[in-house]
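To start, the structure under review is shown below, and the notes come after it.
Values in this text are rule-based calculations from the coordinates and carry no lab data. Keep in mind that this is a model prediction, so the values were computed, not measured. Reconstructed Cβ throughout: ideal geometry from the backbone, glycine too, with neighbour counts over all protein chains shown.
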Amino acid sequence: MNTLYARALALLRAGLQTPSANFRDGQWEAIEALVAHKRRVLLVQRTGWGKSIVYFIAARLLREQNGNKGLALLISPLLSLMRNQIEMAGRMGIHAETIHSANIEQWDAVETQLLSDRIDLLLVSPERLANADFYGRVLQQVAPRILMLIVDEAHCISDWGHDFRPDYRRIARVLRLLPRNIPVLATTATANNRVVEDIRQQLGEEVHIQRGPLARRSLRLQNILLPSQAERLAWLAAHLDTLPGSGIIYTLTVADAERVARWLQTKGFDVHPYHADLENPVREALEHKLLHNQVKALVATVALGMGFDKPDLGFVVHFQRPGSVVHYYQQIGRAGRSLENAVIVLLGGEEDDEVIDYFIRTAFPPQAHTEAILSALRQSPDGLSIVEIERKVNLSRQQIDKVLRLLSSETPSPVLQMGSKYVLAPVPYSTDVERIHRLTALRRAEQEQMQQYMQSSECLMLFLQRALDDPHAEPCGKCAVCLGSPIVSPMVDEQTVREAVQFLRRSEIPLEPRRMWPTREGLSICRGQGKIPESLRAEEGRALCLWGDAGWGVLVKRGKYADGFYSDDLVDGMAEMVRRWSPEPAPQWVTCVPSLRHPHLVPDFAQRLAQKLGLPFVPCIHKVRETRPQKEMQNSFHQVYNLDGAFEVRPWEGITKPVFLVDDVVDSGWTLTVIAALLRQAGSSAVFPIALAKQVLRGG
Amino acid sequence: MYALQPNTQVATLLCAHTGNDPIQPLSQSEYVRLVDWLQDRGYSPEVLLSPDVYLLLLEGEEQTKLSAERVKALLERGTQVALWMEKWSNAGMWIASWEDAEYPAVLHEKLRKQAPVLLYGFGNPSLLQQGGLAIVGSRHASENLLESARRVANRCAQQSWVVISGGAKGVDRAAMLGALEEGGTCVGVLAADLARIATSYTLRDYLLSDKLCLISPYHPQSGFTAGNAMGRNKIIYALAEFALVIACETGKGGTWAGAKENLQNRWTPLFVMVGEEAPEDNLVLLGLGARAFPTRIEGPLRGQLLSLMQSAQAGQIALPIEV
């Protein structure tokens, strides 16, 4: 054992380039349990504690024990090891490689090295692991020689985890089947008791659990409640400069990330939006800038997350309140790893709950998709390939992939992939409604806990640690509550708030025209075509604001739900937006989306707008059948189906001229798409949709 | 969630073919040698999962005639086997080895060391414990003979007696569907393609309603070989209380060989279809110790066959023979 320890210590010192370095509490114990006793180990340690040191050294020692043959498999949602980790591994003489969907061009090289047994540690994503092609091409070759399995971000295994991923369910099943002579290391930085218990059950009773303190001494926490977005924008503009170094401003949605960044840019700050809609190279460039303190902040969604390691990150501000303590703690835990002090501010606002509610509601894919695919498979004796499913079911490739991935993750799974075909497996299946209810209730409880945190009158760090069941929880002595005074002033000045309102009021949103029908069949308007022909398409339109925002959003909401009347301010705002925009060819008349439920609300507004613009208002679209509210419809197919045959255009002599098509709140955009097509069919040369507000609640 | 007993885990690591096996899994006889050697030392197979197993294997090398390197490498392929097993178990497949409760005891009793180390299965495993009538015959039987097979299977179904079939085309298939379509239960012992057949359109619903159990001693995607077909015949006979040959050709084909093997090993009493529609070759089996299947089924078939057995003369009971 002494020789094993000596060897491990030598590796550590080589890796850290510090001849006097010693193991942190628990690191050697974990290595020993894995290497000497082939045990299963769960490490709950905060990021930066050195979990990678444990798996690098354990991987190396296991391989040395085995005559320098075999490798460790690291399953991680990260795309790659961090550069500093790879460098450390290199110094230990450890050869680590990554295989994921974005580096297919390197697969051959990695494969060759795998087959010649030159790799110590292979990193694959859970998605890759579930991929049949990858399994056949790469994994099957090396799987017989895997000496240790490492499951990173192991909280994803747990149903109770905040970040549950379908592909991790498969990992849980593999762990259940894994014989006990293969050591397993599961690691996570954030797991409360329930999650730890869940992981323990997956790993077996014998698992060695190690749980370290989560608190990060450098964080100085403060919560500031500023209901309107304009106030929060003003706060950022006023105080961003006082925050130390470079940092991250988190928002809940992509649209908010874009807006907040744009506002701060107009105020002269060097900030950029960062979210999942950006191309990978752009994201990498932005990360690089932040890493090197070349920007004040990135305004980011959760897309900037796991694996981003900047030890000197000076601050994290949340523009909106996240959905759970675990999410929140993970995000703020990125700050101040190597600093004495980092400033953490949670700004809470009035829209927080609406956004979180939406995420909770849409967390599971529509059951209609699942049923459509299962029923197609049931009717196909020889199974179906993805292309064949596409032909049989009116769903996009993405939707089909999503359903198949979800179904494959079920235990047991009703679908089985055999070669290129999917067949139904002979197992009973029904959607686990109980599980969906349970998880939804859990998300609600997490949301409530964050609401309480926002109002907490005890030490903020203590609150978070207790929520995470940290046995080492204690008051921090440096948060705004412990100090009894703010760390950053909560004040905003009236003038900047007014400017923010003006900014929001000038931030109209483009409405991109739809180019494809969601389905070929079952709709009279699309005549068996998937593509919406140029001759039936709408032009690019505009929405005055985001639903509920602090610019016009508040007035729109009040008009729709309280007054039953859209104020003249909105008419003026819209008219001004049209003048700023001045689309070509200039519309010559105005019409609007009819409603049987609220027959006057939109026409009345459209009429006043037409007057303001000096154009004739011609309500030539009629609703001939009542439809269910569009927001109740589950997917594009149902949304359009709901509208099929609901409207009728009554031609008039000026119908061929370009037209503004007015609606109040745009959700999916299908109503505008369908009516624009009907108008174009009736002869209109160009249809410009304009709306008061757009619902955008997309995270990522 | 599906899990395996440690002993079954060991049997799977050592013997399962997963479609890509750089190291040759142990054959039946190799596994038997290893397990016997362990047993002599008071160990059950699960001892092979302990960390210092290599020394133990070296110690046994001489007697087991198994390279310790090879066995160790097989024992280390746990991740691969778990990944492979996950795919199939999550589609409803289970594995039973000698030590499992689902593994039918009659196979041990009748086949002893020839009892397959692993059984791969889909559907209701309790059907394996219920005896039943094996109905066998060639792949290329006449429509009349297929009808006979179906009719007998129908009667079994009506009398809640399990039908055991080889699951191949022809007579096997007719017997299986004859039982299932009548609402009865059936065990299909397959020589190949377990996964494909278990997911087939016609059989899926029967598996789901627990009326059918499909098993094979071969991995779920193995292809057909004559050797595999013969290997699985013994399981059909060993599971059954009685066996019925619908049609065979003297000296040719799997049915003949299987029936002969059964008579030699006395796994289960053998009946053959006789009468106008039955091929003359069937009569040859009568000379070798089989009995004529009743031309009319009166009352419970199981009782009828049992009383035919009891009334039989000592001289008619089959003796080991050479043909």
Any chance you could tell me what percent of the C-alpha pair distances in region B:185-293 go past 15 Å?
-> 66
Cα centroids of region A:440-500 and region A:245-313: how far apart, whole angstrom?
-> 23
Least to most buried among A:LEU149, B:LEU288, by other C-beta atoms within 10 Å and fewest first, runs B:LEU288, A:LEU149
When you count, for each residue, the other Cβ atoms within 10 Å and take the mean per peptide, how do B:166-172, A:436-442 rank with the highest first?
-> B:166-172, A:436-442
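About the Cα centre of region B:178-283, what is the dipole size in debye to 20, counting +1 per Lys and Arg Cβ and -1 per Asp and Glu Cβ, all else neutral?
Computed about the Cα centre, the dipole is about 540 debye.
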So, by mean Cβ neighbours within 10 angstrom, what's the order for A:354-360, A:545-551, A:293-299 with the highest one leading?
-> A:545-551, A:293-299, A:354-360
Spacing of the two label points (7 Å from each Cα toward its C-beta) at B:GLU280 and A:ASN2, in nm | 8.9
Cα-centre dipole for region A:108-202 with unit charges at Cβ (Lys and Arg positive, Asp and Glu negative), debye to 20 | 380
Considering only DSSP beta bridges with both partners in chain A, what is the antiparallel share in %, to the nearest 5?
-> 15
If you take the beta carbon distance between A:ASN22 and A:TYR429 as r and set R0 to 41 Å, what does 1/(1 + (r/R0)^6) give as a FRET efficiency, to the nearest 0.05?
-> 0.15
Residue order, fewest to most beta carbons within 10 Å, for A:TYR566, B:TYR237, B:TYR2 | B:TYR2, A:TYR566, B:TYR237
Pop out the ³J(HN,Hα) list for region A:611-620 in order, Karplus 6.51 cos²θ - 1.76 cosθ + 1.60 with θ = phi - 60°, rounded to Hz; leave Gly and Pro as x.
-> 4, 4, 7, x, 10, x, 9, 10, x, 8
How are the Cα pair distances of the protein assembly as shown distributed, in percent, across 10 Å bins from 0?
-> 2, 9, 15, 17, 17, 14, 11, 8, 4, 2, 0, 0
Separation of region A:330-409 and region A:190-214 by C-alpha centroid, Å?
-> 26
Helix B:301-311 versus the longest principal axis of chain B: what is the Cα-based angle in degrees, 0 to 90, to the nearest 10?
-> 80
Rank by packing, highest mean first: peptides B:185-197, B:24-36, with packing defined as the count of other Cβ atoms within 10 Å averaged across residues.
-> B:185-197, B:24-36
Using 1/(1 + (r/R0)^6) with R0 = 25 angstrom and r between the beta carbons of A:TRP581 and A:ASP604, what's the FRET efficiency to the nearest 0.05?
-> 0.65
Folded to 0 to 90 degrees: helix A:193-203 orientation relative to chain A principal axis, Cα = 60
Any chance you could get the radius of gyration and Dmax over the Cα atoms of region A:542-700, in Å?
-> 15.0, 47
Based on the Cβ-Cβ distance of A:GLU448 and B:ASP36, what FRET efficiency does E = 1/(1 + (r/R0)^6) give at R0 = 60 Å, to the nearest 0.05?
-> 0.45
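Enter the mean projected area of the convex hull around the alpha-carbon atoms of region A:167-286, in nm², rounded to one decimal.
Average projection, Cα convex hull of region A:167-286: 11.7 nm².
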Would you compute, from DSSP H runs of 4+ residues alone, the mean residue ellipticity of chain A at 222 nm, taking -39500 (n - 2.57) per run and dividing by the full residue count, rounded to the nearest 500?
-> -11500 deg cm²/dmol
Would you list B:TYR103, A:TYR250 from fewest to most Cβ contacts within 10 Å?
-> B:TYR103, A:TYR250
Here the whole-number average of other chain Cβ atoms within 10 Å per Cβ of B:45-51 is 3
Assigning unit charges at the beta carbon (Lys, Arg +1; Asp, Glu -1) and nothing else, what dipole magnitude in debye, to the nearest 20, does region A:21-96 show about its Cα centre?
-> 160
A:TYR358 to A:GLU279: extension gain in nm, 0.36 nm per residue of separation minus the Cα-Cα distance?
-> 25.9 nm
Round to the nearest 10 and give me the degree value, 0 to 90, for the angle of helix B:78-89's Cα axis relative to the longest principal axis of chain B.
-> 30
How long, wide and thick is region B:51-127, going by the Cα atoms along their three principal axes, in whole angstroms, largest first?
-> 41, 33, 16
Pop out the ³J(HN,Hα) list for region A:663-671 in order, Karplus 6.51 cos²θ - 1.76 cosθ + 1.60 with θ = phi - 60°, rounded to Hz; leave Gly and Pro as x.
-> 9, 8, 10, 9, 10, 7, x, 6, 4
For region B:230-245, in residue order, the Karplus 3J(HN,Hα) values (coefficients 6.51, -1.76, 1.60; θ = phi - 60°; whole Hz; Gly and Pro = x) are 5, x, 7, 4, 4, 5, 4, 5, 5, 6, 8, 7, 9, 10, 10, 8
Shielding of A:177-190 by other chains, given as the mean Cβ count within 10 Å, works out to 5
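Across every pair of different alpha-carbon atoms, what Kirkwood hydrodynamic radius in Å does region A:383-485 reach? All intermediate terms of the calculation are to be shown ahead of the outcome.
Numbers: mean 1/r = 0.0557 Å⁻¹.
Mean inverse Cα-Cα distance, inverted, gives 18.0 Å.
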Please work out, to two decimal places, the log10 of the ratio I(q)/I(0) at q = 0.06, 0.07, 0.10, 0.13 Å⁻¹ from a Debye calculation in which every Cα of chain B carries one identical scatterer.
-> -0.22, -0.30, -0.59, -0.94
Which residues in region B:87-101 place their backbone N less than 11 Å from a point set 7 Å from the Cα of A:LYS392 along the Cα-to-Cβ direction?
-> none
Just counting partner chain Cβ atoms within 10 Å, what average do the residues of peptide B:12-21 show around their Cβ?
-> 2
For region A:596-624 and region B:202-230, what is the separation of their Cα centres, given in Å?
-> 68
